1. Considering (1) closer than 18 Å to residue 66 by Cβ; (2) crowded, with 17+ Cβ neighbours inside 10 Å, say which one residue 414 fails and leave the rest.
2. Say we look at the stretch 191-214 and pick out the residues that are crowded, with 23+ Cβ neighbours inside 10 Å and closer than 12 Å to residue 164 by Cα; which of these is farthest from the chain's Cα centre (by Cα)?
3. In the stretch 122-141, how many are more than 20 Å from residue 223 (Cα to Cα) and crowded, with 22+ Cβ neighbours inside 10 Å?
4. Among what's in the stretch 342-381 and is modelled with pLDDT of 95 or more and surrounded by fewer than 22 Cβ atoms within 10 Å (Cβ to Cβ), pick the residue that is nearest to residue 55 (Cα to Cα).
5. List pairs: first residue in the stretch 64-81 and in contact (Cβ under 8 Å) with a residue 24 or more places away in the chain, second residue loosely packed, with under 12 Cβ neighbours inside 10 Å and in a loop (DSSP other than H, G, I, E, B) anywhere in the structure, Cβ distance under 6 angstrom, at least six positions apart or on different chains.
6. Could you check the stretch 60-85 and list, in sequence order, the residues that are assigned to a loop (DSSP other than H, G, I, E, B) and over 27 Å from the mean Cα position of the chain (by Cα)?
7. Taking the conditions exactly as written (under 26 Å from the mean Cα position of the chain (by Cα), farther than 30 Å from residue 93 by Cβ and in contact (Cβ under 8 Å) with a residue 12 or more places away in the chain), does residue 175 satisfy them or not?
């Protein structure tokens, strides 16, 4: 049997082994697109800032990579089509993104999509559509480069906001408008951009914000580019006598304003979290990311950043990362203090292969979730085994964190880093072995 309906409601099951598919949430037909959730520290159960993200890149294979910090003697560096000041030292970071630079003019060789750096600055992004005329080819900075610069240069979420503003004000954003969703141990920020303008809003500590691939900031924000309103007036988009300035309705591409594929994903996230303010957990966010229409068959990777201030950053900042979709995968804790990743996770060919981690999870996703809105009977058996393994990861993670904290209190910071590095490396390797075994255990064969 295959479930395939345009609009329907799936009701909660008391059988936890049936996985994340069953919920009492209204569900809408999905379409490909990234979804991000920013959560303030007073909205979570443990006082942490959280950030959740589904990266939808369709058929582009994914990778997870650690990038050590680097020192530079140069005063300037060429980034895309402009020259910007270089920094003496860049920050080490973890990045999730495209396995290989896509060889076309749209991507221009970039690969970084999401990540977390040594200071716990975490980043997820959603592309958007604006009515503003794009910057001519051969000028400005592309979004992939801005993402990398954020991870390389920011020591706080606010520093990242300021960096985005400076780059766009000075050089312009040349390929696509982006919503930069940024968090650290103290706060979360949303920066919505056009090619030449930007607006930043701090997420309230006692609230959360869900964004799909459209503008969500309207008439209230904390920071913005100087010419935001004046430019809209010059273009004839806004007349001050008509009422308050509204970014969403003035700068958005009018043909893509409030499209159902965006509003349904935002509704889904808000619906599932609105009654959990003050008690939201990592599991809650993963549950949201696993739900249609937020997860689709085109999800490249999913992440939940758990950014805790009450324990040392090396232990307290964790990026729970999974290949492909949350409903057909598992999330593995990548600690900010860890530095190694199995080679199988660092690259994947553009075409299907038998070695890379991404293609193993992608095979499983496509076998039990073959199209945008179809789960096969095999899904429930597969999900049952994934649930068991995911719970084991949670327990092991709690144990290793307690051990790391004891080491930290004893001053063994070097051993803490080794412990967390080994733990992240081992769990990633175990996840890869698990997904390969799941095929035979569930009776599902891999595609030839």
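The values are calculated or read from the model by the stated rules, or taken from the named source; none is laboratory data. Note that the structure is predicted; figures quoted are calculated from it, not measured. Here the Cβ is made from the backbone with ideal geometry for all residues, glycine too, and neighbour counts use every protein chain on show.
1. (2)
2. 197
3. Here the count works out to 2.
4. The qualifying residue nearest to residue 55 (Cα to Cα) is 346.
5. Correct list of pairs: 81/138.
6. Scanning the stretch 60-85 gives 72, 73, 74, 75.
7. Here the answer is no, as residue 175 does not meet what is asked.
Rundown of residues vs (1) free of Cβ contacts under 8 Å to residues at least 40 places away in the same chain; (2) part of a loop (DSSP other than H, G, I, E, B); (3) in contact with a helix residue (DSSP H, G or I) (Cβ under 9 Å, 6 or more places away or on another chain), yes/no style:
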site	(1), (2), (3)
250	yes, no, yes
267	no, no, no
294	no, yes, yes
303	no, no, yes
